[in-house]
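To start, the structure itself, in structure tokens.
Please treat every number below as a calculation from the coordinates, not as lab data. Source: prediction; values computed, not measured. Cβ placement follows ideal geometry from the backbone for every residue including glycine, while neighbour counts extend to all protein chains displayed.
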Amino acid sequence: MTTTDDFRALHERSEPFLLPNPWDAGTARLLAGLGFEALATTSLGVANVVGRARATRAEILANCREIAEATPLPVNADLENGFADDPAEAAKMIDAAADAGVAGASIEDFTGDLRTPIYDIGLAVDRVRAAVETARARSVVLTARCENLWLGIDDLGDTIRRLQAYEEAGADVLYAPGLRTLEEMRAVVSSVGKPVNVVMGFADPAITLEQLAGIGVRRVSIGAALSRLALKSFMDGAREMRAGRFGFVGDLPPVSELQEFFG
């Protein structure tokens, strides 16, 4: 069984699987050591590493390779909009990510321009269709994303219609970042026939994995939340140090514990 087969099989289970988002080889190995079954890249996490609002195409692909090579686990790649508007050009990003060793990849309908943030539905579907063709040729699980909600376009109906269109275009997994409530998630899951990914980085944190399983969610990711959490801890410690105090060193994990994961 290939890594892609393993990844696809996770989506076919009756219970959802957790898909955490490391941002480098070290965090990938830590997550693998904690027993997670698959990993996903985060483009925002890569941007945080390089210190910019957005990472480049090359940086995202290099990160895909780094994380894919860090552990034997299947990796899903966050490829943003493919760094191209044209369907065929955007699909080339899927091909490049497959070369980097990923088992899954996503394509989204965010244009990258906040003045006109979402592609026209016709173009968005053509982009998914081209991505599906490339993904199937490379044995990659293709996730199609509708970005309405996290961009502040509060239209669940349009989001569902888009996901249904992406499903019809052949996407393997459907994903609408920005779903906040269990009711919104249930509405999406019940409206499509393919596995749905829910990202908890935007959602009500009181929602449990058991509740997500109960409404039929198949995959649960966290986006850049772990990266942001790490940076918060970093900033808290740096501010404490800047103020001349060092209490944070009392909360550090032993070096030996980290080396157990890295060894």
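Tilt of helix 87-99 relative to the longest C-alpha principal axis of the chain, in degrees (0 to 90, nearest 10)?
Its long axis makes an angle of about 40 degrees.
Just check the stretch 3-224 against the gyration tensor rule for me: Cα atoms, a ≥ b ≥ c as the square roots of the eigenvalues, rounded for a/c under 1.5, and otherwise prolate or oblate depending on whether a/b exceeds b/c.
Note, shape of the stretch 3-224 comes out rounded.
What share of the DSSP beta bridges in the chain is antiparallel, in percent to the nearest 5?
Roughly 5 percent of the beta bridges in the chain run antiparallel, per DSSP.
Ranking request for peptides 30-41, 134-145: highest mean number of other beta-carbon atoms within 10 Å first, then the rest in descending order.
134-145, 30-41
For n ≥ 4 DSSP H runs only, could you compute -39500 (n - 2.57) per run for the chain, divide by its residues and tell me the 222 nm figure to the nearest 500?
Estimated from H runs of four or more residues: -14000 deg cm²/dmol.
Read phi for every residue in the stretch 234-247 and hand back ³J(HN,Hα) as whole Hz from Karplus 6.51 cos²θ - 1.76 cosθ + 1.60, θ = phi - 60°, with x for Gly and Pro.
Calculated HN-Hα couplings, in order: 4, 5, 4, x, 5, 5, 5, 4, 4, 8, x, 10, 9, x Hz.
Quote to one decimal, in nm, the extra length available between residue 86 and residue 213 on full extension: 0.36 nm per residue of separation minus the C-alpha distance between them.
This chain segment gains 42.1 nm when fully extended.
With the chain treated as a Gaussian network of Cα nodes joined by springs under 10 Å, which of 202, 248, 110 yields the largest mean-square fluctuation?
248
Taking neighbour Cβ counts within 10 Å as the exposure measure, how do 212, 231 sort from fewest upward?
The order, fewest Cβ neighbours first, is 231, 212.
Can you run phi through the Karplus equation (6.51, -1.76, 1.60; θ = phi - 60°) for the stretch 257-263 and list ³J(HN,Hα) in whole Hz, with x for Gly and Pro?
5, 5, 5, 4, 6, 8, x
Just to confirm the number: angle between the C-alpha axis of helix 121-137 and the first principal axis of the chain, 0 to 90 degrees, nearest 10?
70 degrees
Hey, fewest Cβ within 10 Å first, where do 233, 221, 191 land in order?
In order of increasing Cβ crowding within 10 Å: 233, 191, 221.
Determine, for each peptide in 93-106, 62-75, the mean count of other beta carbons within 10 angstrom over its residues, then list the peptides with the highest first.
Top of the packing list down: 93-106, 62-75.
Order by neighbour count: 173, 128, 189, 249, fewest other Cβ atoms within 10 Å first, most last.
Result, fewest neighbours first: 249, 189, 173, 128.
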